[in-house]
Each structure stands twice: as C-alpha cells, then as structure tokens.
Amino acid sequence: MAPLEAVVWPCTLRCNGVCVHCYVRGRFHRELGSDEGRRLVAEVAEAGAEMLSFVGGEPLLREDLPLLMRYAVDSGLMVEVVTNGFLMSGEVARMLSRLEARVLLSVDGASKPVCESMRGEGAWERILAAAEVMRLAGLDFIPVMALTSFNVREAGDFVSFSCGVGGKMASFLTLMPSGAARGNRLLALSPEQLRHALAEICRVADSLSYPAEVRCTPFAERIADSSHVKVWGCYYKVMDLNSVGDVLLCDVLDIKVGNILEDGGPESWGRLYGERVGMGLLDWRKLRGKCASCPSKTSCLGGCRARAYLETGSFFNPDPLCPI
Ligand code: SF4
Ligand code: SF4
C-alpha cells in the first residue's frame, strides 16, 4: 500500500462567495462540530498522513479553524488552507504563518472582469487586498486558477499576475463537472483550449523564470514543455473526505467507501487504497479507446478517472479533456 501523503477535508459548507463553478454547492449537507473535527484531525494523524488540507466552502468562516489547525500541527501534520481571501486580515495571516500553513488563494482570473465573472461582483478587490495582507505578513501563498471556458484566455496572464502580486507560484486545475459546475455546461473547457492554455502557461513561466503547476491533468506531461511548469497526475496517495468525514473515491465523486470517524484513519486509508486497486483504477490494461494504444498509458493511466466517469459513465474510457 502506498504511503498517505495528504487528506482533503471540506471543513465547512458555509461560504461568503457565489462562484459559478463551485464543486461543493449542493453536494454536502452537514458539517462537523469542534469535537468531531478534533477527532477527525486525530484520525488523519493516526493514518500517517503528512498533510491535512482544510477546504470548503470557505474555511475561514469556521470560528474554530485556528484551533483545529493548531491541533493538526501539534499532532505532527502539515496544514494547508484553500481560501477565497475575503476574511484575510493581518491577524489571520500571522496565525497561518505561525502554523507554517500552505495557503492557496482562489482567484480564477488575471483581470477584474474575468475573475468576477466566476467569483462574483466585488471579489477582485477583496482578493487583491488579501494578497497584499499576506505579502506584508511574510506569509507564502499560491494564487489558483480553475481553468474554464470563461477564463482560459487569461491562463498565460495568470502566471504574470501571480508573480506580480507576490505569489509563490501559479497553480492551475481544470474545472470538474461536479457540484454547481455540473449544471453549467457553458463553463466546460475543450481539449484544444486546454492545449493552448498549457502552451501559454509554459511560455510565460519560461519568460519570467517563475514556477507554475497544473493539477489533475496527467496527460499534460506530453504537452507542457517547460522546466518551470510541474504537471501533477492523479492523486492516488491522497484521501478525500466529505464534510462529515465520509471517505470518497475522489473529492469530486460522491462514491463513499467508508467514514474516518467510524472506521478510524488507518483502516480508512487501507480501505480506500484497496478499493482503488480492486476497481482497477491503477491498472492501465483496463483502459479503452485511444488510451489502450497510447504510449503514455502506463504513466498517464488514461487521464482523470473521475472526469471520464462523470462525462462518459465509465472509469476506463479516455478522459474527454485529453487533447492527444
Ligand atoms: S480522479 Fe481526477 S480529479 Fe480525482 S485526483 Fe485523480 S486526476 Fe484529480
Ligand atoms: S490518450 Fe489516454 S493514456 Fe494517452 S495521454 Fe490521453 S488520456 Fe492519457
């Protein structure tokens, strides 16, 4: 069994944003209280994870977030928080800095109109203010763009933006057809749009000698041609939870394989990993269509299995976003 690198926990359903592409809205219905949250953190540490990622909703809306994060750090975990930045203040930034937290700041655009077309009116100024507060506090942060048809033309500019506001790197992921995004087909990216975006990300990262990463796009290793751009494949060493600690096959899929509070951390990780292996998700020989004869199949494993499943109904069909 592979070691567990990270656990992702949507610690709250509450949000002060109105993003059109939210992957959580409408999916989860209850959040854990402080005592259950502490138990969840303890089980994550017990499972041997290196990192616990607090996502939402908007994690900074949880009043006990500092306590839960401190408990996680005292339990030997590194911590991460994914935030829209609206509640960032000097005090919050210093708290996160003391915890040596990794901070991902959701932005989604390199200009006010594009950012606000996805994150709602007023988001741009609040995000810029958050970036400035974190920069002044000496807190490293990573601006994030979820690539969609609305913002894909700004992918290259987003690398410059991240550099300009003092981000540690520019981070990209692709929209998943989950939560609120599932009902908005206008947001969907085409394979050719993604190919072009990857080329622009590489071009600007090279021109600035500035780092960027692209997540959950295993096939991009064939396209992204830059020493400054890191491409991440599927996170098989990550355990995704929902808001009440149910263990999910992937954070965008509501396929439950257990519950970390009921089963415990080590048992949950063993069960999730066994499920992924048992279903054949790590077996390239099960791939169909163009993936079956692709030279990258042993490393790419057919792209994102969640997207293939959500868009085609089978885990073993090619990822519809693969431009190859
Ligand atoms: S199944 Fe897809 S979304 Fe989930 S971790 Fe793998 S690549 Fe990412
Ligand atoms: S064809 Fe399939 S295996 Fe090849 S790069 Fe695309 S998704 Fe990956």
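The values are calculated or read from the model by the stated rules, or taken from the named source; none is laboratory data. What you see is a predicted model; the values in this text were computed from it and never measured. With ideal geometry, Cβ positions are generated from the backbone for all residues, glycine too; neighbour counts draw on all protein chains shown.
Check GLU275, GLU311 and return the single one that is of a type in the set (Asp, Glu), farther than 26 Å from LEU189 by Cα and touching a residue at least 24 places away in the same chain (Cβ under 8 Å).
Just a single option satisfies the conditions, and that option is GLU275.
Inside the range 96-118, can you point out the residues that are assigned to a loop (DSSP other than H, G, I, E, B) and among the polar types (S, T, N, Q)?
Quick first cut of the range 96-118, residues assigned to a loop (DSSP other than H, G, I, E, B) only: 99-101, 107-111.
Correct list: SER111 only.
When you scan the range 130-158, how many residues do you find that are in a helix (DSSP H, G or I) and in contact with a His (Cβ under 9 Å, 6 or more places away or on another chain)?
3
In the range 227-324, which helices (runs of 4 or more DSSP H) lie fully inside it and hold 3 or more residues that are away from ligand 2 (no atom under 16 Å from the Cβ) and modelled with pLDDT of 95 or more?
Answer list for the range 227-324: 260-263, 265-278.
Given the criterion at pLDDT 95 or above, of a type in the set (Val, Ile, Thr) and more than 20 Å from the chain's Cα centre (by Cα), identify the matching residue among VAL144, VAL152, VAL133. Reasoning before the result, please.
Values: VAL144 fails: more than 20 Å from the chain's Cα centre (by Cα); VAL152 fails: more than 20 Å from the chain's Cα centre (by Cα).
The conditions single out VAL133.
All but one of (1) assigned to a loop (DSSP other than H, G, I, E, B); (2) buried (at least 23 other Cβ atoms within 10 Å of the Cβ) hold for PHE54, so report the exception by its number.
(1)
Please count how many residues of the range 190-220 are closer than 17 Å to ALA170 by Cα, part of a helix (DSSP H, G or I) and touching a residue at least 60 places away in the same chain (Cβ under 8 Å).
Selection size over the range 190-220: 1.
Would you be able to tell me the number of residues in the range 102-146 that are under 20 Å from SER53 (Cβ atoms), hydrophobic (A, V, I, L, M, F, W, C) and out of contact with any Pro (no Cβ under 9 Å at 6 or more places or on another chain)?
Matching residues across the range 102-146 total 9.
Kindly indicate which of GLY313, GLY302 is more than 22 Å from the chain's Cα centre (by Cα) and on the phi > 0 side of the Ramachandran plot. Give the derivation first.
Values: GLY302 fails: more than 22 Å from the chain's Cα centre (by Cα).
Criteria check complete, one pass: GLY313.
Residues in the range 278-290: is at least one more than 15 Å from ligand 1 (Cβ to nearest atom), of a type in the set (Lys, Arg), within 25 Å of MET1 (Cβ to Cβ) and touching a Gly at 6+ places or on another chain (Cβ under 8 Å)?
Within the range 278-290 (the criterion being more than 15 Å from ligand 1 (Cβ to nearest atom), of a type in the set (Lys, Arg), within 25 Å of MET1 (Cβ to Cβ) and touching a Gly at 6+ places or on another chain (Cβ under 8 Å)), the answer is no, since none of the residues qualifies.
Looking only at the range 69-125, which residues are in contact with a Cys (Cβ under 9 Å, 6 or more places away or on another chain) and among the polar types (S, T, N, Q)?
Residues satisfying the conditions are ASN84, SER106.
From the set of residues in the range 197-226 that are of a type in the set (A, V, I, L, M, F, W, C) and under 14 Å from the mean Cα position of the chain (by Cα), which is farthest from ligand 2 (Cβ to nearest atom)?
VAL214
Where residues in the range 248-268 are surrounded by fewer than 17 Cβ atoms within 10 Å (Cβ to Cβ) and charged (D, E, K, R), which of them is nearest to ligand 1 (Cβ to nearest atom)?
ASP254
Cβ contacts < 8 Å: first residue touching a residue at least 12 places away in the same chain (Cβ under 8 Å), restricted to the range 234-255; second residue in a strand (DSSP E or B) and of a type in the set (S, T, N, Q), any location; separation 6+ or different chain. Result?
These pairs meet every condition: VAL244/ASN259; GLY245/ASN259; ASP246/ASN259; VAL247/ASN259.
List every residue pair whose Cβ atoms sit under 8 Å apart, with the two residues 6 or more apart in sequence or on different chains, where the first one lies in the range 142-166 and is free of Cβ contacts under 8 Å to residues at least 60 places away in the same chain and surrounded by fewer than 22 Cβ atoms within 10 Å (Cβ to Cβ) and the second, anywhere, is part of a loop (DSSP other than H, G, I, E, B) and of a type in the set (Lys, Arg).
As it stands, the answer is ILE142/LYS168, since those pairs meet every condition given.
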